[in-house]
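Right, one structure below, let's go through it.
The values are calculated or read from the model by the stated rules, or taken from the named source; none is laboratory data. Source: prediction; values computed, not measured. Quick reminder, even Gly has a Cβ in these numbers, built from the backbone with ideal geometry, and neighbours come from all protein chains shown.
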There are 2 protein chains.
Amino acid sequence: MTAQSTPDVTPQNAPVRVAVLGCGVVGTEVVRLLTTQTADLAARVGAPLELVGVAVRNLATPRDPVVDPALLTDDAEVLVDRADIVVEVVGGIEPARTLLLRALRGGASVVTANKALLAEDGPTLYAAADAAGVDIYFEAAVAGAIPLVRPVRESLTGDRVRRVLGIVNGTTNFVLDRMATDGLDLDAAVAEAQELGYAEADPTADVEGYDAAAKAAILASLAFHTRVSLADVDRQGITGVTAEDVAWAARTGHVVKLLAIAEHRPADQDGPEGVQVRVHPALVPQDHPLAGVRGAFNAVFVEAEAAGELMFYGRGAGGAPTASAVLGDLVSAARHRVHGGRGPAESFYAALPVLPARAARTRYQIRLDVTDRPGVLAQVATVLAEHGVSIEAVRQSVQPAEAVARLVITTHEATEAALSATVAAIAEHDSVREVVSVLRVEGV
Amino acid sequence: MTAQSTPDVTPQNAPVRVAVLGCGVVGTEVVRLLTTQTADLAARVGAPLELVGVAVRNLATPRDPVVDPALLTDDAEVLVDRADIVVEVVGGIEPARTLLLRALRGGASVVTANKALLAEDGPTLYAAADAAGVDIYFEAAVAGAIPLVRPVRESLTGDRVRRVLGIVNGTTNFVLDRMATDGLDLDAAVAEAQELGYAEADPTADVEGYDAAAKAAILASLAFHTRVSLADVDRQGITGVTAEDVAWAARTGHVVKLLAIAEHRPADQDGPEGVQVRVHPALVPQDHPLAGVRGAFNAVFVEAEAAGELMFYGRGAGGAPTASAVLGDLVSAARHRVHGGRGPAESFYAALPVLPARAARTRYQIRLDVTDRPGVLAQVATVLAEHGVSIEAVRQSVQPAEAVARLVITTHEATEAALSATVAAIAEHDSVREVVSVLRVEGV
């Protein structure tokens, strides 16, 4: 789009100086958008955005030609001190934290994509931004290009969010999708994701659910006006998910997805008001919109009291999509530099207790191998009933050659505590050979 | 959620005075949210929101008990003059325009759900807001509770939007859904929508596409930084859609939806750079996410250069969802009153020409009845070829008793001009009894 007129750009509006920390996939795309849209950005901000430098660890690493070598520096501190706005796309806790605190304390605004840092130590950053009266924006930290932070902390701020539920990690979604479509086992699917650049050489942060948990913590903090950190999230990755789990999911009309779920729990007979945040693989019915989220895409449902159910869908990772989110934040922060005002500060006034996810009530699917003889189903059902866990459906398939029957039991809603006790009791029963798997069922 | 601490609410922050114009379904829900969330809203704004009055046309009309009768007034002008922020949920051009201009010129910020007024005369309102240095927010004017205005004008402002495409009118979506699921004809489906409160007694604004066109104009203005008004939108409603169209759509793997489409068109050999905005019924493939949007829900795809394809989904109308969007805007405007700063102003610097939708290239499905004799298909295909319209697929079904064959031709992309000329030529052909219908195909 060509800027045919730029009414807001007047000589008195000095350039806004932007420093970029990090020049990997995202940083390169941020530089590309900054340098190829200068007229548009100037018109939208009301002043030119001047890229004053790009901090890198190693000056000798080859870079995309869009990055002017003269802008590169390995002295991030000096660069930070020269900027009005610092864009951080390095990731990790240090040196990102030290640099961003230096920026904020020096009066620069911050735009960051660093979910790990925000989930571990966000309040320290927010407090520094607040003390300096500057902005900290982080749309790119959650679900890449999908506007989610801004809708939750601004659009829905006059409503009460009840639940956030979705797929926020593209790597694991790609892996589970490959397992479902081609029957790959986990290791083969992870290897393929690595070959395609969807997974890191060390895939731990993704497959163990740490990345999703950090995003869940950030979303929960915003949605419930309560501080939630990574340590508050009940986290289970996909390393326990087998090809057999995925195949059985399909046979029972489900798809296995790694879900991030943050819920507001009202006070009731089971306990006090609070927030529950969890990340775990779950069975999702095949006709649920989340079941159709393929490859490395993300999709998040937000349920609010007045708004009802909203869904946001798009690319959750990748250089250009993440850079788009960074640039949106950058324009907001720059507009405040030019025209005054500030973006929303941290809101944690509700200060709700973070409750253990064990108290969350969900449905479960239990698969177990039992001795194939009359009355076993009745015996197992009795164990569930004794533990107050109600059965919604049972499917039994007999393998006569082995004198074994496979039971697939879907329960009504139960707490994890009640379910665990039930499963332990079932496992001890004479007729039960093995409890093969226990998976939550969500999205029904 | 209980406000356990309200750190921002200090005695020096005077209440922000809010006037609500209109007390219909949406106005009542706005009052409900304002009066049942006072502590939360005060904490989020940093000052109490004080509802100073609700303007109504007729004081004698019975109201929901949540509306304190002492707040009602039929003198909207006096009420407007007492407010820091005016919420307008009356709709229509007048007296809304006069009242909002009075509010803005008097220094009050405005939150409005009035798509018709914005699409007809938005620039006058924006200019008044700009001159007074106050906010005008209108998330509720487009797609109800779905955050769409804010994502497009803030989150994606560092990116280049290429296209906005979606279902933005719940009434017509309900009607088309009923036609598809139960084979109702249009009149019966509209009557049912009226009974259920989804359609007005006079359904013209919805079924003729005016409501969708107003929303398309607003979204196009934001997406392309260009003024687009209702008159710029190429609009066709659903009144021409027959039960037979809907049934044939299903037979060819499609669903009929009323789509709003705003596109940025780069300069090429066909013409200059510009914006095309159109609303019309279209065939959408059954496996496209928009095909699955049922009942009165809305869903909008936004395609941007860096972000890729995003989708937003939720309730596009209704009292509580629309009120949620109003409250989000109200909190933003109120925060600016308390803490300083302003929301984004109108951005129309790109000033792109609005091109006629006739230049938009899309695929078409043409259904025609022809004489059932050898060679007719070849003749019709020749007519298309002569007009430069390329055929993607043809389906022929013969009704021997009538010596008639039904041809269903799906074309590759063609301009409306080329297609119209083609259809006119086909209609004149000896072997062609009737061109039964011509529908665009989108979402492929």
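Numbers at a glance
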{"quantity": "Meets criteria (without any contact (Cβ under 8 Å) to a residue 60 or more places away in the chain, more than 7 Å from chain A (Cβ to nearest Cβ) and among the hydrophobic types (A, V, I, L, M, F, W, C)) for residue B:262", "calculated": "no"}
{"quantity": "Search result, residues across region A:157-175 that are among the hydrophobic types (A, V, I, L, M, F, W, C) and either crowded, with 24+ Cβ neighbours inside 10 Å or within 14 Å of another protein chain (Cβ to nearest Cβ) (or both)", "calculated": "A:161, A:164, A:165, A:167, A:168, A:175"}
{"quantity": "Options A:70, A:43; residue that is within 14 Å of another protein chain (Cβ to nearest Cβ), outside any loop (DSSP other than H, G, I, E, B), of a type outside the set (Phe, Trp, Tyr) and more than 18 Å from residue A:111 (Cα to Cα)", "calculated": "A:43"}
{"quantity": "Criterion: without any contact (Cβ under 8 Å) to a residue 12 or more places away in the chain and among the acidic types (Asp, Glu) - qualifying residue of A:182, A:177", "calculated": "A:182"}
{"quantity": "Count - residues of region A:141-155 that are of a type outside the set (S, T, N, Q) and part of a helix (DSSP H, G or I)", "calculated": "7"}
{"quantity": "Candidates B:256, B:228 - the one that is closer than 28 Å to residue A:289 by Cα, buried (at least 24 other Cβ atoms within 10 Å of the Cβ) and over 13 Å from the mean Cα position of the chain (by Cα)", "calculated": "B:256"}
{"quantity": "Evaluation of residue B:336 against (1) in contact (Cβ under 8 Å) with a residue 40 or more places away in the chain; (2) out of contact with any Leu (no Cβ under 8 Å at 6 or more places or on another chain); (3) not in a helix (DSSP H, G or I) (one fails), failing number", "calculated": "(3)"}
{"quantity": "Flag for residue A:31 being outside any loop (DSSP other than H, G, I, E, B), within 14 Å of chain B (Cβ to nearest Cβ), more than 14 Å from residue B:160 (Cα to Cα) and of a type in the set (A, V, I, L, M)", "calculated": "yes"}
{"quantity": "Subset of region B:266-285 that is part of a strand (DSSP E or B) and within 11 Å of another protein chain (Cβ to nearest Cβ) - its residue that is surrounded by the most Cβ atoms within 10 Å (Cβ to Cβ)", "calculated": "B:275"}
{"quantity": "Matching residues in region A:79-138 - criterion: being of a type in the set (Val, Ile, Thr) and not in a loop (DSSP other than H, G, I, E, B)", "calculated": "A:80, A:85, A:86, A:87, A:98, A:110, A:111, A:112, A:124, A:136"}
{"quantity": "Residue match in region A:133-144 (condition: out of contact with any Cys (no Cβ under 7 Å at 6 or more places or on another chain), aliphatic (A, V, I, L, M) and more than 30 Å from residue B:144 (Cβ to Cβ))", "calculated": "yes"}
{"quantity": "Qualifying position, being touching a helix residue (DSSP H, G or I) at 6+ places or on another chain (Cβ under 7 Å), small (Gly, Ala, Ser) and within 30 Å of residue A:28 (Cβ to Cβ), among A:271, A:318, A:328", "calculated": "A:328"}
{"quantity": "Selection status of residue A:239, under 19 Å from residue A:117 (Cα atoms), at pLDDT 95 or above, more than 14 Å from the chain's Cα centre (by Cα) and assigned to a loop (DSSP other than H, G, I, E, B)", "calculated": "no"}
{"quantity": "Residue tally, condition under 36 Å from the mean Cα position of the chain (by Cα) and surrounded by 18 or more Cβ atoms within 10 Å (Cβ to Cβ), over region A:358-386", "calculated": "9"}
{"quantity": "From the options A:144, A:197, residue that is closer than 20 Å to residue A:322 by Cβ, at pLDDT below 95 and surrounded by fewer than 24 Cβ atoms within 10 Å (Cβ to Cβ)", "calculated": "A:197"}
{"quantity": "Only listed residue being assigned to a helix (DSSP H, G or I), within 14 Å of chain A (Cβ to nearest Cβ) and over 23 Å from residue B:155 (Cα atoms), chosen from B:250, B:291, B:220, B:205", "calculated": "B:291"}
{"quantity": "Filter result for residue B:349 (outside any helix (DSSP H, G or I), more than 10 Å from chain A (Cβ to nearest Cβ), aromatic (Phe, Trp, Tyr) and buried (at least 20 other Cβ atoms within 10 Å of the Cβ))", "calculated": "no"}
{"quantity": "Some residue of region A:304-327 being over 19 Å from the mean Cα position of the chain (by Cα) and either basic (Lys, Arg) or assigned to a helix (DSSP H, G or I) (or both)", "calculated": "yes"}
{"quantity": "Residue A:288 under 30 Å from residue B:29 (Cα atoms) and surrounded by fewer than 22 Cβ atoms within 10 Å (Cβ to Cβ)", "calculated": "yes"}
{"quantity": "Hits in region A:156-174 - residues which are touching a Gly at 6+ places or on another chain (Cβ under 8 Å) and part of a helix (DSSP H, G or I)", "calculated": "A:170, A:172, A:173, A:174"}
{"quantity": "Residue among B:307, B:334, B:299 that alone is modelled with pLDDT of 95 or more, facing chain A (nearest Cβ under 10 Å) and over 21 Å from residue B:143 (Cβ atoms)", "calculated": "B:334"}
{"quantity": "Selection count where residues are among the charged types (D, E, K, R), facing another protein chain (nearest Cβ under 9 Å) and more than 27 Å from residue A:25 (Cα to Cα), scope region A:119-156", "calculated": "1"}
{"quantity": "Of all residues in region A:58-108 being touching a residue at least 60 places away in the same chain (Cβ under 8 Å) and among the acidic types (Asp, Glu), the one that is surrounded by the most Cβ atoms within 10 Å (Cβ to Cβ)", "calculated": "A:88"}
{"quantity": "Positions within region B:318-331 being more than 7 Å from chain A (Cβ to nearest Cβ) and either polar (S, T, N, Q) or surrounded by fewer than 22 Cβ atoms within 10 Å (Cβ to Cβ) (or both), in sequence order", "calculated": "B:318, B:319, B:322"}
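Quick grid of which residues meet (1) surrounded by fewer than 19 Cβ atoms within 10 Å (Cβ to Cβ); (2) acidic (Asp, Glu); (3) over 34 Å from the mean Cα position of the chain (by Cα):
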| position | (1), (2), (3) |
| --- | --- |
| A:405 | no, no, yes |
| A:424 | yes, no, no |
| A:433 | yes, no, yes |
| A:436 | yes, no, no |
